[in-house]
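The values are calculated or read from the model by the stated rules, or taken from the named source; none is laboratory data. In this text the structure is predicted, and so the values were computed from the model without any measurement. In this analysis, Cβ positions are derived from the backbone assuming ideal geometry, glycine residues included, and neighbour counts consider all displayed protein chains.
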């Protein structure tokens, strides 16, 4: 197993400037000295929220995907229920809110199954992933910016959708693959 290595930052920041900012992100331009001492630039997208993804699994081992058109990639995307969590807000409460908003589901059992950075070469976007079980159906409460289609599918089919490229969203792929691995290793049962 790889261990985390603590190290000093080999980059020197000469100066930095916020190029663009809104309620969700900040784009920062850095003038730097790289680890070899050469002058360079580095652009960083700072996220003002954590990303939260939820795998909701019912008694019949179905899960729920949310389909929507994604503006940045100009494509339709099938994804787990997911959303942004303000940094000072409890991640589990956000996971519960997003699951209800997007699918109308309420879960009575929750398990945090992991976390990580989604694109650490250009951004600091941090994500947490949850498994939600013991589900009860209520009415969905989507935000006004969301035009969603919810689809219930067998969990095994959704694992296949990740592997064959029908699910391309990293915040969906990572937790689904992690859940599949946990199930295969016997670390978790549903």
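Against the definition (assigned by TED's automatic domain parsing to the domain that holds residue 66, modelled with pLDDT of 95 or more and closer than 19 Å to residue 66 by Cβ), how does residue 180 come out, yes or no?
No.
If you go through region 1-23 one residue at a time, how many are surrounded by fewer than 10 Cβ atoms within 10 Å (Cβ to Cβ) and within 26 Å of residue 84 (Cα to Cα)?
3
Can you pull out every residue in region 43-72 that is over 16 Å from the mean Cα position of the chain (by Cα) and either at pLDDT below 95 or closer than 24 Å to residue 159 by Cβ (or both)?
57, 58, 59, 60, 61, 62, 63, 69, 71
Can you spot a residue in region 161-173 that is buried (at least 17 other Cβ atoms within 10 Å of the Cβ) and more than 15 Å from the chain's Cα centre (by Cα)?
Among the residues of region 161-173, at least one is buried (at least 17 other Cβ atoms within 10 Å of the Cβ) and more than 15 Å from the chain's Cα centre (by Cα), which makes the answer yes.
Residues are listed down the side, and each one gets a yes or a no for (1) surrounded by fewer than 16 Cβ atoms within 10 Å (Cβ to Cβ); (2) touching a residue at least 60 places away in the same chain (Cβ under 8 Å):
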| site | (1), (2) |
| --- | --- |
| 41 | yes, no |
| 61 | yes, yes |
| 71 | yes, no |
| 81 | no, no |
